[in-house]
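The values are calculated or read from the model by the stated rules, or taken from the named source; none is laboratory data. Just so you know, these numbers come straight off a predicted model, no measurement behind them. All Cβ positions, even for glycine, are placed from backbone atoms using ideal geometry, and neighbour counts span all protein chains on display. Protein only, heavy atoms only, side chains kept; ligands, DNA and RNA dropped before computing areas. Shrake-Rupley method; radii C 1.70, N 1.55, O 1.52, S 1.80 Å.
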Amino acid sequence: MISTCLPSHKSVLVAILFTFLFIPASRTAFNIFGHNYDKLDQKYGSFTEDMRVEMLDEVRKMFYWSYDSYMKYAFPLDELDPIHCVGRGPDHDNPSNININDVLGDYCLTLVDSLDTLAVLGNVSEFHRAVQLVIEHVSFDKENTVQVFEANIRLLGGLLSAHMLMEDDRNLFGENLRPTWYDGELLQLASDLASRLLPAFQKSITGIPFPRVNLRKGFVDDGAETCTAGAGSLLLELGALSRLLGDPIYESMARRANRALWGARAKTTGLLGNVINAKTGQWVGRLSGLGAGLDSYFEYLLKSYILFGEEEDYSMFNESYSVIKQYLRRGRTHCNSGYGDHPLYVNVDMHSGNTYTYWIDALQASFPAVQVLFGDVEEAICTHAWHYNVWKRYGFLPERFNWQRLSPDVSFYPLRPELVESTYLLYRATKNPFYLHVGREVVLSLNAYAKTKCGYATVHDVLDMSLEDRMESFFLSETCKYLYLLFDVDNPVNQKFSDYLFTTEGHLLPIGDKFRTKPWADSPTPISPVDEMESLFFREKTPKIKINNGTQPTCQAVDEARQYLLPLRTPYYLQLTESLGLKEL
């Protein structure tokens, strides 16, 4: 049995006492021993089978309401405008409109991004039709300038995931997932796309890729500033492609970028900034945090180690996690014991570690999922609880929330999946029904406020629930997929969870010895063979994190006795809800 980092019953009583003594006199302090304590556990402590089946059906309807509308009104364009029921492609009239043109490139984006979601939903016939449509309609020989990062995670990831699921000997979704006529066409498309992205790497003398390329002409020198996540979240897709093709060029370029970013971290703190100049290697943005501009960089260091077994990736993640804990974390020392403010990861100056902004953004809500994969489940519980309660305050996560003023700084919500992703991973780790309740609230909010005539729309302002006419492809690729998997306990993905890995766009990649081997090496042998009994949650190599020049093991599980109680102990949960201006009961 794995070890855990849990307080004794005595320390729990001490924690409750400290909460009672040090939280200002309020409803929280006076009710922690009263009926509210029991009511909270009763509210979240069970989730009936009827509720689960109902939610599963609601999510299935949510996906098809959006997917069918895209196919009817928008395909072969990239996105659906769900209010006016029309398709959307690049803004050819305004090439500087990077909000649109970084993502859209006349390549059936939403369909490509949705391929493996169709497989997850078990719709083999529609999966076959979608693969055929992609083969017939998708071409990257277009006069469009797109962002390397977005093309990599949405398009390259979608193509590779669908191809690998069809070719995987484990037949996760059945032997008939691969149509008899399929001859590797998606892999050929992936190779063509990756080759068109290469100039962004090859033209860089620093190793940091330029942010954009023209799909037909190659490199376009229209700006060198790129975010850390954009330059450093390319390895899963490009590495998988290299190992499938036996060509090291794609993986080597992505690794070169990661090493360049790693070498540019601050000498004083070991932190990275959020924006860097690809030409000079100099930092443009000094903000260091876990949200926009940095989020998936850390995610990909850990997931690249899981997929490829390269110790270099693990070492970089481990050190990164150490300095994140040291400089970004505020609040009490432990999530579920002691006293003090609820833990929070803030944005800091990369050179000094001092607080840099009083807001954090919605993308940070994915970090609990990373913490779960690393084994720091107790900490993930705390991080997730904060974001979930901000969601509860508004019905959605505002893009930026000011934790000092307790109000949104940027108030739109583009149907992002990050909170749902972390909810799903925490449920897989704990099986606590609390996370099913969280998923249910997300579904109810989406249906109540974001559903339109032809799909689900971006919430323009969480304060008045006004909408804007855009449904980004990640709603089908991630938000719906994670919600579906949360409620579909018998799904093949959940039955074989440790055999597959999600990219930052929610695409499934098989884990296996095939990707632990470099086929271009003289004597290709597995770097670190995958143990069939190895779990992503409970690894034999216990992760270590350095805190204040010491070392402490991460908490790898939660107390089994609390499986049906609140994951965040009740006094701390009530403290958090009150601090955010919520009344739980």
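Grab the eigenvalues of the alpha-carbon gyration tensor for the range 132-266, scale each by 5, take roots, and send me the semi-axes largest first in whole angstrom. Walk me through the numbers on the way to the answer.
Numbers: eigenvalues 163, 61, 24 Å².
Calculated on Cα positions only, the semi-axes equal 29, 17, 11 Å.
What are the trypsin sites (Lys or Arg not before Pro) within the range 489-521 that DSSP puts in a loop, where the Cβ has at most 13 other Cβ atoms within 10 Å? Can you show the working numbers first?
Details: sites: K496, K514, R516; in loops: K496.
When the trypsin sites (Lys or Arg not before Pro) of the range 489-521 are filtered for loop state and at most 13 Cβ neighbours within 10 Å, K496 remain.
When only C-alpha pairs under 8 Å and at least 6 residues apart count, what is the relative contact order of the range 150-302, in percent? Before the final figure, lay out each step's value.
Details: 220 pairs, mean separation 32.8, N = 153.
Contact order relative to length: 21 percent.
Quote the relative contact order of the chain in percent (integer), defining contacts as alpha-carbon pairs under 8 Å separated by 6+ residues. Before the final figure, lay out each step's value.
Details: 1113 pairs, mean separation 112.6, N = 585.
Reported as a whole number, the value is 19 percent.
So, by mean Cβ neighbours within 10 angstrom, what's the order for 158-168, 324-334, 453-463 with the highest one leading? Walk me through the intermediate numbers first.
Working: 158-168: 24.6, 324-334: 17.3, 453-463: 21.1.
Descending mean neighbour count gives 158-168, 453-463, 324-334.
With only Lys, Arg, Asp and Glu charged, each at its Cβ (+1 for the first two, -1 for the last two), find how big the charge dipole of the range 289-427 is about the Cα centre; round to the nearest 20 debye. Intermediate values should be presented prior to the final figure.
Numbers: 10 positive and 17 negative charges, 151 e Å.
Computed about the Cα centre, the dipole is about 720 debye.
Calculate, for the chain, the solvent-accessible area per residue in square angstrom, rolling a 1.4 angstrom probe over the heavy atoms of the protein chains. Could the numbers behind the result be given before it?
On the way: 21830 Å² over 585 residues.
Per-residue value: 37 Å².
Do any trypsin sites (Lys or Arg not before Pro) in the range 372-445 lie in a loop, going by DSSP, with at most 16 other beta-carbon atoms within 10 Å of their beta carbon, and if so which?
Details: sites: K392, R393, R400, R405, R428, K431, R440; in loops: R405, K431.
Passing sites in the range 372-445 are R405, K431.
In sequence order, what are the phi-derived ³J(HN,Hα) couplings for the range 158-175 according to the Karplus relation 6.51 cos²θ - 1.76 cosθ + 1.60 with θ = phi - 60°, rounded to whole Hz, with x for glycine and proline?
Running phi through 6.51 cos²θ - 1.76 cosθ + 1.60 with θ = phi - 60° gives x, 5, 5, 4, 4, 4, 5, 5, 5, 8, 6, 4, 6, 6, 3, 10, x, 5 Hz.
Where the accessible area of the chain is counted over protein heavy atoms with a 1.4 Å probe, how much of it, in %, is carbon and sulfur? It would help to have the intermediate numbers written out before the result.
On the way: 11020 of 21830 Å².
Answer for the chain: carbon and sulfur cover 50 percent of the accessible area.
What are the ³J(HN,Hα) values, in whole Hz, obtained from phi via the Karplus relation 6.51 cos²θ - 1.76 cosθ + 1.60 with θ = phi - 60°, for each residue of the range 493-500 in sequence order, with x given for Gly and Pro?
4, 6, 6, 10, 4, 7, 8, 9
Give the lysines reachable from K203 as a straight Cα distance under 29 Å; neighbours fewer than 8 places away on the same chain don't count.
K142, K217, K267, K279, K303, K518
What residues qualify as long-range amide H neighbours of E225, i.e. H under 5 Å apart, gap of 5 or more or another chain, H built at 1.01 Å from N?
HN-HN under 5 Å from E225: A278.
Does the range 123-171 classify as rounded, prolate or oblate by the C-alpha gyration tensor (a ≥ b ≥ c root eigenvalues; a/c under 1.5 gives rounded; else a/b over b/c gives prolate, otherwise oblate)? Let's see the in-between values first.
Working: a/c = 2.99, a/b = 1.60, b/c = 1.87.
Oblate, because a/c is 1.5 or more while a/b does not exceed b/c.
Under 12 Å from the Cβ of E379, count the other residues' Cβ atoms, weight Lys and Arg +1, Asp and Glu -1, and hand me the total. Before the final figure, lay out each step's value.
Values: positive: K325, R329, R332; negative: D376, E378.
Combined, the nearby Lys, Arg, Asp and Glu give +1.
Give me log10 I(q)/I(0) at q = 0.06, 0.07, 0.11 Å⁻¹ for the chain, Debye formula, one equal scatterer per alpha-carbon, no solvent.
Results for the chain at q = 0.06, 0.07, 0.11 Å⁻¹ read -0.28, -0.39, -1.04.
How far, in degrees from 0 to 90, does helix 9-22 lean away from the longest principal axis of the Cα atoms of the chain, to the nearest 10?
Tilt relative to the chain: about 80 degrees.
Take peptides 565-572, 284-291, 339-346 and line them up by average Cβ neighbours within 10 Å, highest first, as a rough protection proxy. Could the numbers behind the result be given before it?
On the way: 565-572: 23.5, 284-291: 21.8, 339-346: 18.4.
Ranking the peptides 565-572, 284-291, 339-346 by packing returns 565-572, 284-291, 339-346.
Would you calculate, for the chain, the mean residue ellipticity at 222 nm contributed by helices, counting each DSSP H stretch of 4 or more residues as -39,500 (n - 2.57) and dividing by all residues, to the nearest 500? Intermediate values should be presented prior to the final figure.
Numbers: 22 runs with 243 residues, N = 585.
Taken over the chain, the calculation gives -12500 deg cm²/dmol.
Separation of the range 231-251 and the range 318-384 by C-alpha centroid, Å?
The range 231-251 and the range 318-384 have Cα centres separated by 30 Å.
Between rounded, prolate and oblate, where does the range 206-312 land on the alpha carbon gyration tensor, with a ≥ b ≥ c its root eigenvalues, rounded for a/c under 1.5, else prolate if a/b exceeds b/c?
Values: a/c = 1.96, a/b = 1.14, b/c = 1.72.
Taking the square roots of the gyration eigenvalues as a ≥ b ≥ c, the range 206-312 is oblate.
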